[in-house]
Each structure stands twice: as C-alpha cells, then as structure tokens.
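Heads up, the thing below is written out as structure tokens.
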Amino acid sequence: GTTGQVQGPAFKAAIPEITDYVRILGTTMNVTGNNKSLAVKSIYADNTFFDIFSFPLLHGSPAQVLVSPNSIVLSQKTAIKFFGSDDVVGEAMPVEEGDGVKNFIVSGVVKDPPSNSSIQFDAVVPFSYLQTMFKDDNWLNQYLTTFILLSPNATSAAVERKFSKVFIENAQNQLKGANSDTKQFQFGLTPITDTHLNALGLTPDGSAAEERGLSGMSSITYSYILSGIIVFILLMACINFINLNIAAAAR
C-alpha cells in the first residue's frame, strides 16, 4: 500500500470502479492543551477517513471533522489526558510545527482504536494541513499508505490493469530521468485483511511502518515457523504413542 500523495486522487478521477480513497501518513507531534504539553502519536488523513473506516466518533460529524485544515481529532484517552473529559470540541490546541506553533481546534473525539487495529493513533490531523507545508506530485515517491474503496461490482484484476495506464499517462516526464529499476514500477491491490501479515516485503515494524501510518505489523514467516514447530511436536507425540503401544503389545 505504499504510495506518494498523488496516486489516490489520480486513480479515483480516472477509474470509475474506485468510489473513494484515503491517504494516511504517520507522525509524532508536540501538542499543548490545558497547560499540558505531550508528544502525541498522530496521523495525517483525508477527510474521508471516518467514512471509510469504522472508528466511531464520540463527538463530531464524520463528514466534517477533518474538513478544516486547522482542525484536530483526538482519541478519547488523549482528550481525557489533556482535559479530564472527552467533551472537548472547540478547545484550542497549539501544536509545534517547524520553527513555530500552529493553533488547532478540536473538531471531534474518536473512540480509542482497538488494540488489534493496524491503524493506531492518539490524534488525527487533516491531510489538507500537511499539503499546506508539503505538496508532492511525484509519481515515483513512496512514503505513505493509500487505501481505496472499490464499488461492489469491481474486480481487483480489472482495476490493477487500469492502474498501469493511468501511471504511464501521468508519469511520462518523471520516468524519463529515472533509473531502470524505477521504470519497472507497478501498482497493485492488497486486501486490507492481508496488510498485517503481508507487508510487501517492507520493514514490519519501526520507522518505515510508523511513517506509513501502520502499527503492529508482523510477518507471515513467523506463522510458518510456529506451524512447523506444532507439526514437529505432533509428529514426536505420534511416534512416542506408537512406541508405547508397540512396547505394550510386545509384553
């Protein structure tokens, strides 16, 4: 799921089977509120985030909380940590950004992400705010995660074929100066249920995954290793059982 900023909107505009998309970039922010200052695990996300994903809002509207670039959505535990309550919509929260401080307004409070979610956050900041500082139209960059929502009658194979056409049409100039490996770029789809154990060969944990807005990722290799150990233990138990029965029959 690793992309840059441009792929989500470009693919949605050109491919009818894509009904919506959301981009996620992980970061850590120094946030101040109610005379407290803490480092907060945050994600930048498009305003479709709470429509596409099922993180329930306790306060605020899913369609509105990420519309304003200077809004911020807090998790329930983060709101309580700063203010002692989760009813804090409208509160001001200064955030250290670059060389200065930007004032954000709490637009919503979301229930804490479940522990088994691959998307973990204490705060959500609009992707549009990120683009006021850094707007990137390079098709060859990869540093965030883009999720897309397909229409019910769409097939992943048909959508993937259209990816290549859109990519070539839009990235022609950027590909001219690229190396041979980059020119072999291909875009595909991974079911969201596969992202935990099938991380496209990328770093399962640490800065690479965190920057892409994902947490708690693992590797299917561990599952294979554990399965192999289980089979070995069962095999040893079977051999032991047979030996005991042979010994008993001999007596």
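Could you figure out which of (1) touching a Ser or Thr at 6+ places or on another chain (Cβ under 6 Å); (2) more than 20 Å from residue 195 (Cα to Cα); (3) assigned to a loop (DSSP other than H, G, I, E, B); (4) touching a residue at least 60 places away in the same chain (Cβ under 8 Å) isn't true of residue 120? Here residue 120 meets the rest and fails (2). Exactly one residue out of 95, 31, 67 is touching a residue at least 40 places away in the same chain (Cβ under 8 Å), part of a loop (DSSP other than H, G, I, E, B) and out of contact with any His (no Cβ under 6 Å at 6 or more places or on another chain): that is 67.
Matching residues to (1) in contact with a strand residue (DSSP E or B) (Cβ under 7 Å, 6 or more places away or on another chain); (2) buried (at least 19 other Cβ atoms within 10 Å of the Cβ); (3) in contact (Cβ under 8 Å) with a residue 60 or more places away in the chain:
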site: 19; (1), (2), (3): yes, no, yes
site: 22; (1), (2), (3): yes, yes, yes
site: 25; (1), (2), (3): yes, yes, yes
site: 39; (1), (2), (3): yes, no, no
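Here residue 164 meets each of (1) closer than 24 Å to residue 119 by Cα; (2) modelled with pLDDT of 85 or more with one exception, condition (1).
Confirm whether residue 124 is surrounded by 11 or more Cβ atoms within 10 Å (Cβ to Cβ), in contact with a strand residue (DSSP E or B) (Cβ under 8 Å, 6 or more places away or on another chain), closer than 30 Å to residue 96 by Cβ and of a type in the set (Val, Ile, Thr). Please lay out each step first, then the result.
Details: surrounded by 11 or more Cβ atoms within 10 Å (Cβ to Cβ): yes; in contact with a strand residue (DSSP E or B) (Cβ under 8 Å, 6 or more places away or on another chain): yes; closer than 30 Å to residue 96 by Cβ: yes; of a type in the set (Val, Ile, Thr): yes.
When the stated conditions are applied, residue 124 passes them.
The single condition among (1) under 15 Å from the mean Cα position of the chain (by Cα); (2) outside any helix (DSSP H, G or I); (3) crowded, with 16+ Cβ neighbours inside 10 Å that residue 54 does not satisfy is (3). Within segment 126-162, the set of residues being assigned to a loop (DSSP other than H, G, I, E, B), under 26 Å from residue 173 (Cα atoms) and not hydrophobic (A, V, I, L, M, F, W, C) comprises 135, 136, 137, 138, 141, 142, 143.
The values are calculated or read from the model by the stated rules, or taken from the named source; none is laboratory data. Nothing here was measured: the structure is a model prediction, and the numbers come from that model. Because the Cβ atoms are built from the backbone with ideal geometry, glycine has one as well, and the counts that use them run over all protein chains shown.
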